[in-house]
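The values are calculated or read from the model by the stated rules, or taken from the named source; none is laboratory data. Since the model is a prediction, treat every value here as computed from it, not as a measurement. When we count neighbours, we look across all protein chains shown, and the Cβ atoms used for this are built from the backbone with ideal geometry, even at glycine.
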Amino acid sequence: MDRTKEVATRADGALQREGRAPQIVLRPPTDIFEDAEGITLQMDVPGAARERLKLQVNRNQLDVEADARIDMPQDMEAVYADVRATHYQRTFALSSELDAERIEAALKDGVLTLRIPKRAELRPRKIEVR
């Protein structure tokens, strides 16, 4: 049985240009829902604060990055950790029918919710008969 982890690393060339050692990056699990008005992404980013989120749209690509910070009480020391990386990164290709200018984002209880509406001219509309 092949045991794999959903962990990726940044491109080596990019890190070398930045002068840093390779960093383990977590690929957060994401649920994607579509309705007539657009799509909703719900991404698990536990430990990430609003100030540590970076959302960027470049042409038809949505980049999401977040840094998690888990504060330890002053008198305690971690002896074991399931999560060793604290950087989340995920990239999504956006369809041309989506309106990237109107993306809305909310973070609550470690879940990042992104709402990406469809462009108005491509949404289904009801035609009234007189």
Requested in this report: Go through (1) closer than 22 Å to ALA93 by Cα; (2) over 11 Å from the mean Cα position of the chain (by Cα); (3) modelled with pLDDT under 95 one by one and return the number of the condition VAL45 breaks.
Outcome: (2)
Query - Count - residues of region 95-130 that are surrounded by 15 or more Cβ atoms within 10 Å (Cβ to Cβ), hydrophobic (A, V, I, L, M, F, W, C) and not in a strand (DSSP E or B) - result: 2
